[in-house]
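The values are calculated or read from the model by the stated rules, or taken from the named source; none is laboratory data. Model, not experiment: these values are computed from the prediction. Positions of Cβ are generated from backbone atoms using ideal geometry, with glycine treated the same way; all protein chains shown enter the neighbour counts. The area values use the complete protein model at the heavy-atom level, side chains included, leaving out ligands, DNA and RNA. Shrake-Rupley method; radii C 1.70, N 1.55, O 1.52, S 1.80 Å.
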Amino acid sequence: MTTYDRALVWFRRDLRSFDHAALHHALASAKQVFCVFIFDKDILDPLLAHGSMDRRVAFIHASLRELDAELQQHGGGLIVQHARAAQAIPALAQTLNVDAVFCNHDYEPYAKQRDQQVADALGKQQRQFFSFKDQVIFEKNEVLSLAGSPFSVFTPYKNAWLKKFQPSPGMLDSSLIPHFEVKPKRGQLALPSPAPGMPSLAEMGFDDIDLAAQHLPTGMQGGQQLIDDFLPRLSRYGEARDFPAVKGPSYLSVHLRFGTVSVRSLARHAMDAIRSGTRADGAAVWLAELVWRDFYFMILHHHPKVAEGAAFKAEYDRIAWEEGPQADELFAAWCEGRTGYPLVDAAMLQLNHSGYMHNRLRMVTACYLIKDLGIDWRRGEAYFARMLNDFDLSANNGGWQWAASSGCDAQPYFRIFNPITQSQKFDTEGKFIKRYLPQLNKLDAKQIHAPWLAPSLALDMAGVSLGKNYPEPVVQHDEARKKTLARYAVVKKS
Ligand SMILES: Cc1cc2nc3c(=O)[nH]c(=O)nc-3n(C[C@H](O)[C@H](O)[C@H](O)COP(=O)(O)OP(=O)(O)OC[C@H]3O[C@@H](n4cnc5c(N)ncnc54)[C@H](O)[C@@H]3O)c2cc1C
């Protein structure tokens with residue numbers, strides 16, 4: 001790459017100072033490198049419409065403080081602005097008189113459009129714009145079928161993905177995953193200019209949230225802390241990951257979302273564990289989850305219509321969903337965790353209290369909204385998008401369309417989770433339920449999954465008064481199931 005005098009690295013969802021493609025390439029090609037993050041008003045203003053409490057903005061803010069401190073260690077620092085990125089980046093490039101702007105690919109439609117605008121504006125100023133793959137292992141057309149077309153089914157995609165790291169059959173070689181070293185020369189990282197200083201959360205209209213109190217460690221250090229905590233548990237991931245009361249998964253999703261960890265480094269850990277045979281089973285299952293993540297990014301790239309609310313399988317857009325005041329009330333009951341189905345309610349309370357929801361529960365609550373309440377999956381998708389710390393358009397849409405049976409590689413429409421048996425199977429003792437619904441604490445393992453089926457004496461003795469301190473079920477699953485099969489019949493008539 002040409003050698004430039006000055007370059008600007010634009011951080012977005014890659015808030016780290018190690019193994020960073022854009023920073024690596026900027027340092028390799030420019031004598032002086034500035035770093036910037038823009039709190040983009042085009043993203044934040046719509047969030048403010050829902051209130052000033054947003055854990056994600058607080059997470060970014062805390063993570064930027066660490067990134068800035070890290071860059072300062074190398075003599076640099078971070079410029080942070082609260083502005084419209086599409087205009088602010090070209091303006092800053094002009095002020096700093098950089099030759100080129102470096103950043104990492106973002107695959108969401110808004111971001112793609114914004115990046116094109118920035119690239120065009122920079123082009124008019126005779127400046128370069130470079131963007132790199134960084135947040136996924138494989139993107140766009142890098143994993144294709146033998147016929148050269150994009151996959152729409154996961155397993156063959158995963159097999160083709162894995163094959164890229166198997167120089168000989170069955171052997172995963174993690175050294176094939178690139179590492180983008182960040183090693184600035186002395187004085188190469190430029191001091192923030194214009195004047196340093198980060199807008200406070202309050203100045204941007206957001207609350208300062210004590211994320212540590214919510215067990216949400218931020219930044220690169222927080223990511224590393226979770227990795228250190230998870231790796232010894234990796235061998236048990238396959239069995240433990242489905243039980244929400246157990247510390248089974250990695251809880252790294254918010255860090256993957258904001259790039260405070262490197263997905264390449266995580267994949268390397270998993271491959272090395274598989275290869276060494278020490279934590280092989282769990283590691284293989286976990287690596288497959290990282291592949292799901294790539295898969296959904298690839299789907300979004302090839303099928304941007306899914307970001308506009310379209311079903312991946314068009315015939316599913318014929319379905320007529322419940323609408324009107326009664327549906328609105330059911331939707332509110334779902335959002336607020338008062339459907340009368342304890343596992344569903346506890347899961348929604350987990351989401352509302354922490355911004356996290358266990359994967360098994362995302363599946364259960366999504367299926368319940370769609371197939372028990374008959375409500376359009378897009379409403380649930382939007383609620384998750386607002387509440388999840390790890391919200392990623394691609395995975396969230398993929399998850400919701402999976403549950404609605406309208407997605408690529410989705411569950412068949414006639415497979416309808418039973419929220420009671422899911423609860424019995426995955427929270428057998430009701431431990432997770434009790435964490436969020438203490439009023440059910442005294443119900444035993446037999447009764448807690450469907451309190452309305454418990455004898456009234458048992459309810460009395462447990463202090464549970466249905467309709468008073470815990471709701472009656474808002475629908476009956478068996479009836480709802482029949483209605484759903486009828487609702488989905490339009491899909492068959494293609
Ligand atoms: C309805 C629904 C909505 C979802 N919305 C999101 C979302 O907005 N953002 C998000 O990151 N994940 C989403 N998921 C996928 C999954 O639930 C979360 O990634 C996972 O629960 C995060 O917890 P973890 O980091 O402890 O996961 P782990 O089990 O430790 O998995 C490791 C990583 O793999 C990735 N991953 C795991 N499962 C999936 C999956 N099914 N699809 C794509 N990537 C996956 C995540 O990046 C995750 O952090 C959704 C799933 C469903 C069913």
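Where the eigenvalues come from the Cα gyration tensor of the chain, what are the semi-axes √(5λ) of the equivalent ellipsoid, largest first, in whole Å? Mind showing how you got there, number by number?
Numbers: eigenvalues 346, 126, 109 Å².
One finds semi-axes of 42, 25, 23 Å for the chain.
A Cβ-based charge dipole, computed about the Cα centre of segment 314-488 with Lys and Arg at +1 and Asp and Glu at -1, lands at about 400 debye.
The packing ranking, built from the mean of other Cβ atoms within 10 Å per residue, places the peptides 400-407, 67-74, 169-176 in the order 400-407, 67-74, 169-176, highest first. For segment 312-366 versus segment 470-491, the inter-centroid distance based on Cα atoms is 13 Å.
Over every Cα atom in segment 319-358, the radius of gyration and the widest Cα-Cα span, Dmax, amount to 11.5, 33 Å. What is the local net charge at His215, summed over the other residues whose Cβ is closer than 12 Å to its Cβ (Lys, Arg +1; Asp, Glu -1)? Once all neighbours under 12 Å are counted, the net charge is 0. Which listed residue (Leu191, Val291, Gly259) has the Cα farthest towards the positive end of the charge dipole for the chain, taking +1 on Lys and Arg C-beta and -1 on Asp and Glu C-beta about the Cα centre? About the Cα centre, the residue reaching furthest to the positive side is Val291.
So how strong a dipole does segment 4-132 carry about its Cα centre when Lys and Arg Cβ are +1 and Asp and Glu Cβ are -1, to the nearest 20 debye?
On the way: 14 positive and 15 negative charges, 28 e Å.
For this selection, approximately 140 debye.
Between Ile79 and Cys35, Val36, Phe37, the built amide H atoms are under 5 Å apart, and every one of these is 5 or more places off in sequence or on another chain.
For the chain, what is the accessible area per residue in Å² when the probe is 1.4 Å? Could you put the intermediate results ahead of the total?
Details: 21250 Å² over 494 residues.
Each residue of the chain exposes 43 Å² on average to a 1.4 Å probe.
The stretch between Glu329 and Lys140, if pulled fully straight at 0.36 nm per residue, gains 64.0 nm over its current Cα-Cα span.
Rounded to the nearest 20, the Cβ-based charge dipole of the chain about its Cα centre (Lys and Arg +1, Asp and Glu -1) stands at 940 debye. Phi angles across segment 176-185 convert, under the Karplus curve 6.51 cos²θ - 1.76 cosθ + 1.60 with θ = phi - 60°, into 3J(HN,Hα) values of 7, 7, x, 10, 9, 5, 10, 9, x, 7 Hz, Gly and Pro given as x. Using a cut-off of 29 Å between Cα atoms, the listed pairs Lys164/Lys425; Lys31/Lys163; Lys158/Lys313 include Lys164/Lys425; Lys31/Lys163 as exceeding that distance. Restricting segment 161-258 to GluC sites (Glu not before Pro) that sit in a DSSP loop and have at most 15 other Cβ atoms within 10 Å of their own Cβ leaves Glu181, Glu203.
Got a number for carbon plus sulfur as a percent of segment 108-159's accessible area, 1.4 Å probe? Walk me through the intermediate numbers first.
Values: 1420 of 2740 Å².
Carbon with sulfur: 52 percent of the solvent-accessible area.
Within segment 388-433, the percentage of alpha carbon pairs spaced more than 12 angstrom apart rounds to 68%. Cross-link pairs exceeding 25 Å between alpha carbons, from the set Lys41/Lys140; Lys247/Lys446; Lys41/Lys371; Lys305/Lys371; Lys431/Lys482: Lys41/Lys140; Lys41/Lys371; Lys431/Lys482. Here segment 365-430 exposes an accessible surface that is 55 percent carbon and sulfur, computed with a 1.4 Å probe and the other protein chains kept in place. Of the GluC sites (Glu not before Pro) found in segment 274-325, those in coil by DSSP whose Cβ has at most 13 other Cβ atoms within 10 Å are Glu323. Calculated mean residue ellipticity at 222 nm for the chain: -14000 deg cm²/dmol, from DSSP H runs with n ≥ 4 weighted as -39500 (n - 2.57), summed, divided by the residue count and rounded to 500.
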